[in-house]
Amino acid sequence: MGNEILKAPIGGTGAANQDVFSATLQELAATDRNIVVVTSDSRGSGKLVPFGKKYPAQIVEVGIAEQNLVGMAAGLASAGKKVFAVSPACFLTARALEQIKNDVAYSNNPVKLIGISAGVSYGALGSTHHSLHDFAVLRAIHNMTIVVPADSFETTQAVQQVAASEQPYYLRFGKKPMPLLDETGETTFQIGKGRVIRRGSDVAIIANGETVFPALQAARKLATENGIEATVVSMHTIKPLDEKLLSELALECKAILTVEEHSVNGGLGEACASWLLKNRYHKPFDILGIPDEYTVTGSQVEILNHYGISESGIASRVKTLLNTLT
Amino acid sequence: MENLKEKSREYRRNILKYIYKAKAGHTGGSLSCIDILNVLYNEVLNVSPETFTSPDRDRYIQSKGHCVEALFVVLADKGFFPESDLETLCKYQSHYIGHPTRKVNGVEQNTGALGHGLPMSAGVALAAKMDNRDYRVFTLMGDGELPEGSNWEAALTAAHYKLDNLCAIVDLNGLQITGPTKDVCNTEPLDKKFESFGWAVRHVDGNDVVALKEAFDALPFEKGKPSVIIAHTVKGKGVSFMENDLKWHHGVPTEEQYKIAMQELSTAP
């Protein structure tokens, strides 16, 4: 196997990223009374009930009203509050998109938008509750940094870093327990810099959020079964994209596959493709995400498996991609 | 009060002057709301170029952003920037675009999309309560933007959080781009709607600076409730041929019309 950084046991269950978000925010609120959470009847799904009990003066409930959630968050932030506006990603980034665009990004109010239960986390609840558009719409909005942590380490770091920053952010979390991808503490996490989880020279698999773990599983499977060595990157920040890392991957690896829990249109894959082509890196390249169709019914895992966003699906896609080289 | 009335005439002349120069602008609405801005900035708001970054300043957020010319002429008069800057209004590479933007000193929030002022204002007002600060927040809304649902989401929340440091002013000129507001989407009885949402309501002649000052002086109308001033105004107020005529929503005067209008606005009625 490659010179792998990761030492965590594969298949172990860690905490869900949105639970880690909530716990981290509680820690921050303990010493910073300016931290304010705004929710739209979403404190339960955001695991913020303990936060609300512990810091009742630092949680604002607006009811089921996402536009008002973001508008008020912008007002609170402009008056000096460190605001985390928490709502399911599907509603936050669709219903309140104009408030995100104008009240947060354009007005430069440093709201931290927290999209919870993102991607297809809600499974069989269907398309109304899926957010497969959020990367695409937010990428097109100036002054919006988009961060999609993969595990509890990245989540903790991301929450701490955005809390200390006076810029707008969108953080996206799922509710599935995620194994810790690195227990060594050797790696650093910096918004805007991709995190290399595993190194190999045959192919680069660039993933984010909850798809990094199956990408890593696939990389191990490819190494064991096929002798294919894959680099796996947690490209947690989609915007701004880590262009330096992208160029290194393009130089080091023979092919690149991107993986995301998002529509294949307008997300991580297209962001990478666009940059690589513009900079004349002509590599075998593929985008694995949710295709442009009505999503199949099922649990999150069933939906992801259906579209090949899984250990075997990703491995298979890599082999197909590498076959184009021969 | 004569000074205040003269100030309104001066502001109206400047609104027309810069719309005429820019060959663009929202003439009718700027003329309908200018008395409100006049009274706010000269008699009510605790804000100045010197205190604009103070956390204790009063905030004014203009929800009906398209009537930015009214805001810009007042901010220039209050010294937030040189009036000559307005020569660049809507010109290539100017900061002075056709809606409020924070690139212009004195502007609190970037607005222009309707239905955004009240939610943001409620957020600022709530922050004041949380921080035990006694500044107040004012937002100016058009009657045409009231069907935007975000306004009513914020109206609920403002009452829920007892934001009596928040004052919304509705510039009720009765006309929007398609026609009379009551024909486009009737919002009457507006007072009863706000009352039922938990607001304290007062009607006022929105082109009468004395009446406006009295209303602002009476804030909050009821302790523990947000206040709304329903300001009955005339679109195009102050220029005879513009008053209540829809074509002046964003009409730009010809040279001849401009001269007549400036003549009408040069003397007290």
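Of everything listed in (1) under 30 Å from B:SER196 (Cα atoms); (2) within 13 Å of chain A (Cβ to nearest Cβ), the single unmet condition for B:VAL170 is (2). The criterion of being surrounded by fewer than 18 Cβ atoms within 10 Å (Cβ to Cβ) and of a type in the set (Val, Ile, Thr) holds for B:THR51. Among the residues of the range A:60-91, those that are more than 8 Å from every other protein chain (Cβ to nearest Cβ), more than 21 Å from A:SER165 (Cα to Cα) and not in a helix (DSSP H, G or I) comprise A:GLU61, A:ILE64, A:PRO88. Scanning the range B:20-42 for residues that are farther than 15 Å from B:GLY206 by Cα, touching a residue at least 60 places away in the same chain (Cβ under 8 Å) and surrounded by fewer than 24 Cβ atoms within 10 Å (Cβ to Cβ) returns B:TYR20, B:LYS21, B:ALA22, B:LYS23, B:ALA24. In this structure, A:ALA57 qualifies as small (Gly, Ala, Ser) and in a helix (DSSP H, G or I). The one condition from (1) in contact with a Phe, Trp or Tyr (Cβ under 8 Å, 6 or more places away or on another chain); (2) more than 29 Å from B:MET120 (Cα to Cα); (3) not small (Gly, Ala, Ser) that A:LEU125 does not meet is (1).
Quick check on my filter: what residues within the range B:243-269 are within 18 Å of B:GLY142 (Cα to Cα) and in a loop (DSSP other than H, G, I, E, B)? Don't jump to the end; show me each part of the working.
Initial filter on the range B:243-269 (within 18 Å of B:GLY142 (Cα to Cα)): B:243-251.
Scanning the range B:243-269 gives B:GLU243, B:ASN244, B:ASP245, B:HIS249, B:HIS250, B:GLY251.
Checked against the criterion of being over 30 Å from B:GLU148 (Cβ atoms) and of a type in the set (Gly, Ala, Ser), the candidates A:ALA124, A:ALA136, A:ALA118, A:ALA140 yield just one match: A:ALA124. The residues of the range A:254-263 that are among the hydrophobic types (A, V, I, L, M, F, W, C) and touching a Gly at 6+ places or on another chain (Cβ under 8 Å) amount to a single one, A:VAL259.
Hey, among A:LYS175, A:LYS101, which residue is of a type outside the set (S, T, N, Q), surrounded by fewer than 24 Cβ atoms within 10 Å (Cβ to Cβ) and within 14 Å of another protein chain (Cβ to nearest Cβ)? Spell out how you get there, then give the answer.
Values: A:LYS175 fails: within 14 Å of another protein chain (Cβ to nearest Cβ).
The conditions single out A:LYS101.
Would you mind listing the helices (runs of 4 or more DSSP H) fully within the range A:214-320 where at least 3 residues are of a type in the set (A, V, I, L, M) and at pLDDT below 95?
So the answer is none; nothing clears 3.
Every listed requirement among (1) away from chain A (no Cβ under 14 Å); (2) part of a loop (DSSP other than H, G, I, E, B); (3) of a type in the set (D, E, K, R) is met by B:ASP35 save one, (2).
Hey, among B:GLU108, B:GLU69, which residue is charged (D, E, K, R) and closer than 23 Å to B:TRP248 by Cβ? Walk me through how you get there before you give the answer.
On the way: B:GLU108 fails: closer than 23 Å to B:TRP248 by Cβ.
B:GLU69 is the lone residue from the list that is charged (D, E, K, R) and closer than 23 Å to B:TRP248 by Cβ.
Looking only at the range B:168-194, which residues are more than 15 Å from B:ILE230 (Cβ to Cβ) and β-branched (Val, Ile, Thr)? Answer for the range B:168-194, where residues must be more than 15 Å from B:ILE230 (Cβ to Cβ) and β-branched (Val, Ile, Thr): B:ILE177, B:THR178, B:VAL184.
If the condition is being in contact with a Lys or Arg (Cβ under 7 Å, 6 or more places away or on another chain) and at the interface with chain A (Cβ under 10 Å from one of its Cβ atoms), then the range B:88-108 contributes only B:GLU108. Just one residue in the set B:LYS78, B:LYS64 is of a type in the set (Lys, Arg), away from every other protein chain (no Cβ under 11 Å) and surrounded by 17 or more Cβ atoms within 10 Å (Cβ to Cβ); that residue is B:LYS64. If the condition is being polar (S, T, N, Q), more than 17 Å from A:VAL111 (Cα to Cα) and buried (at least 18 other Cβ atoms within 10 Å of the Cβ), then the range A:121-154 contributes A:SER121, A:SER131, A:SER152.
Among the residues making up the range B:136-152, those that are out of contact with any Pro (no Cβ under 7 Å at 6 or more places or on another chain), within 12 Å of chain A (Cβ to nearest Cβ) and over 17 Å from B:GLU108 (Cβ atoms) are B:GLU148, B:GLY149, B:ASN151, B:TRP152. When A:LEU69, A:LEU76 are checked against the criterion of being without any contact (Cβ under 8 Å) to a residue 40 or more places away in the chain, buried (at least 19 other Cβ atoms within 10 Å of the Cβ) and not small (Gly, Ala, Ser), A:LEU69 stands alone in meeting it. The condition of being in contact with a strand residue (DSSP E or B) (Cβ under 8 Å, 6 or more places away or on another chain), closer than 25 Å to A:ASP292 by Cβ and part of a loop (DSSP other than H, G, I, E, B) holds for only one of A:GLY200, A:GLY174, that being A:GLY174. Within the set B:ALA125, B:ALA159, the sole residue that is crowded, with 19+ Cβ neighbours inside 10 Å, touching a residue at least 40 places away in the same chain (Cβ under 8 Å) and touching a Leu at 6+ places or on another chain (Cβ under 8 Å) turns out to be B:ALA125.
The values are calculated or read from the model by the stated rules, or taken from the named source; none is laboratory data. As the structure is a computational prediction, the values presented were derived from the model and not from experiment. So basically every Cβ, Gly included, is an ideal-geometry build from the backbone, and we count neighbours across all protein chains shown.
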